[in-house]
Amino acid sequence: SRGMSRRRRAVLHPDLKRARSLLAAAARVVVLTGAGVSAESGVPTFRGPGGLWKQFRPEELATPEAFARDPRLVWEWYGWRRELVAGCRPNPAHLAIARWMRAHSGVTLVTQNVDDLHERAADDPAVALTPLAAPLGDRFLKLHGSLFRSKCTRCAYAAEHREPVDASSADTLPRCPSCGALLRPDVVWFGEMLPPGATQAAFAAAARAQACLVVGTKGAVYPAGGVAHEAQRAGAPLIVVDPGETDYDAMADLKLAGAAGEIVPALLEG
Ligand code: BV8
Ligand code: ZN
């Protein structure tokens, strides 16, 4: 879509031109992403067809209770997801967002995703060709943690953790190198608090936003989903990119119905 001609782009979405000018006019923009931005990379979404895993619902497995009851099953799920995501690659939507964040110092990315595809897009050498307008630091906010980090169930140990997990039995599960207790995925489970710093920064950016771009999230999970509501309360126009129905559709100023990998590059580039 980088080579998309201006005419083709205009044909793609009548609202696309309007969305492009809304974003171009905003000095401060918050981008809120969910599982859908990674769908074209081959990462299954939570609530879409093809569900996330076997017959379980994420709300049943991504909880402290599920882990306490059956740490082996929960680790089997996360180990499987880690391996799956490790084999995926950022798609044009991740790359376009990463370039846009480098070129525009007022763009803040708030992601609910725990895959590392936004990070991998940011580290892509082709993306790094775009000069960095301002440090990414607190403009790249992850609200639900990472599949590739684990933390101790007992002490303060937490670290990157990429090696495959042997969840074949309880005593092959990963253990804390400092205290020996069970490790767990360093993600935010249902019923758990979001990281206070990143959450505060996300809502502060939304409260100052002059436009909000929502990509690939149904908007069903809170408080992360509330970032878009906060931006709209601040008077920011809301642009939603999603092929399906979302909880934001009724309040959106513009709904671009389609796949992120196709629409986001056309929206942000050129
Ligand atoms: C908390 C990490 C309390 C784990 C996840 C009101 C206020 C506060 C809390 C609540 C509340 N109401 C309910 C709650 C409780 C709960 C909640 O929101 N439940 C929901 C189910 C109703 N919230 C919590 O428990 C949160 N914690 O509030 O704690 C507290 C407070 C103080 C002190 C102590 C405790 C924690 C929530 C975090 C849960 N963890 N992930 C893991 O991943 O394993 S959430 C999980 O859902 C992922 O992070 C995911 O990103 C997120 C949201 O889902 P989506 O990203 O939207 O994915 P989904 O499949 O739903 O949608 C995908 C979209 O993509 C679809 O629209 C689809 O059409 C679209 N799509 C498909 N293909 C494409 C596409 N889009 C573009 N292009 C494509 N090609
Ligand atoms: Zn420990």
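The values are calculated or read from the model by the stated rules, or taken from the named source; none is laboratory data. It should be emphasised that the depicted structure is a prediction, and the values quoted were computed from it without experimental measurement. Here the Cβ is made from the backbone with ideal geometry for all residues, glycine too, and neighbour counts use every protein chain on show. What goes into the accessible areas is simple: the full protein's heavy atoms, side chains included, and nothing from ligands, DNA or RNA. Shrake-Rupley method; radii C 1.70, N 1.55, O 1.52, S 1.80 Å.
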Is it the case, given these coordinates, that T217 is in contact with a Gly (Cβ under 8 Å, 6 or more places away or on another chain) and of a type in the set (S, T, Y)? yes
Counting only residues in the range 206-260 that are of a type in the set (D, E) and within 12 Å of ligand 1 (Cβ to nearest atom), the one nearest to the chain's Cα centre (by Cα) is identified as D242
Could you tell me whether the range 87-94 includes any residue that is open to solvent by 20 Å² or more (accessible area, probe 1.4 Å), within 12 Å of ligand 1 (Cβ to nearest atom) and assigned to a helix (DSSP H, G or I)? yes
Restricting the range 120-155 to residues that are in contact with a Phe, Trp or Tyr (Cβ under 8 Å, 6 or more places away or on another chain) and more than 16 Å from ligand 2 (Cβ to nearest atom), the one least open to solvent (accessible area, probe 1.4 Å) turns out to be L147
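Yes or no, residue by residue, for (1) crowded, with 20+ Cβ neighbours inside 10 Å; (2) closer than 21 Å to R47 by Cα; (3) more than 16 Å from ligand 2 (Cβ to nearest atom); (4) at pLDDT below 95:
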position: D171; (1), (2), (3), (4): no, no, yes, yes
position: A181; (1), (2), (3), (4): no, no, no, no
position: A236; (1), (2), (3), (4): yes, no, yes, no
position: T246; (1), (2), (3), (4): yes, yes, yes, no
Just wondering, is there one or more residues in the range 25-32 that are of a type in the set (D, E, K, R) and either over 15 Å from the mean Cα position of the chain (by Cα) or in a loop (DSSP other than H, G, I, E, B) (or both)? yes
Against the conditions (1) in a helix (DSSP H, G or I); (2) crowded, with 19+ Cβ neighbours inside 10 Å; (3) touching a Gly at 6+ places or on another chain (Cβ under 8 Å), where does N113 fall short? Just the number, please. (1)
Where the second residue is buried (at least 16 other Cβ atoms within 10 Å of the Cβ) and part of a helix (DSSP H, G or I) and the first is without any contact (Cβ under 8 Å) to a residue 40 or more places away in the chain and lies in the range 247-270, which pairs have Cβ atoms under 7 Å and are six or more apart or on separate chains? Y248/A228; M251/Q232
Considering every residue within the range 190-203, establish whether at least one is closer than 29 Å to G79 by Cβ, among the aromatic types (F, W, Y), open to solvent by less than 20 Å² (accessible area, probe 1.4 Å) and touching a residue at least 24 places away in the same chain (Cβ under 8 Å). no
Can you tell me which of (1) assigned to a loop (DSSP other than H, G, I, E, B); (2) open to solvent by less than 50 Å² (accessible area, probe 1.4 Å); (3) at pLDDT 95 or above is the one G48 doesn't meet? (3)
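The rows are residues; the columns are (1) of a type in the set (S, T, N, Q); (2) within 19 Å of P71 (Cβ to Cβ).
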{"site": "T130", "(1), (2)": "yes, no"}
{"site": "A134", "(1), (2)": "no, no"}
{"site": "H144", "(1), (2)": "no, no"}
{"site": "K151", "(1), (2)": "no, yes"}
{"site": "C155", "(1), (2)": "no, yes"}
{"site": "H161", "(1), (2)": "no, yes"}
{"site": "P164", "(1), (2)": "no, yes"}
{"site": "A170", "(1), (2)": "no, yes"}
Answer with yes or no whether L61 is in contact with a helix residue (DSSP H, G or I) (Cβ under 7 Å, 6 or more places away or on another chain) and in contact (Cβ under 8 Å) with a residue 60 or more places away in the chain. no
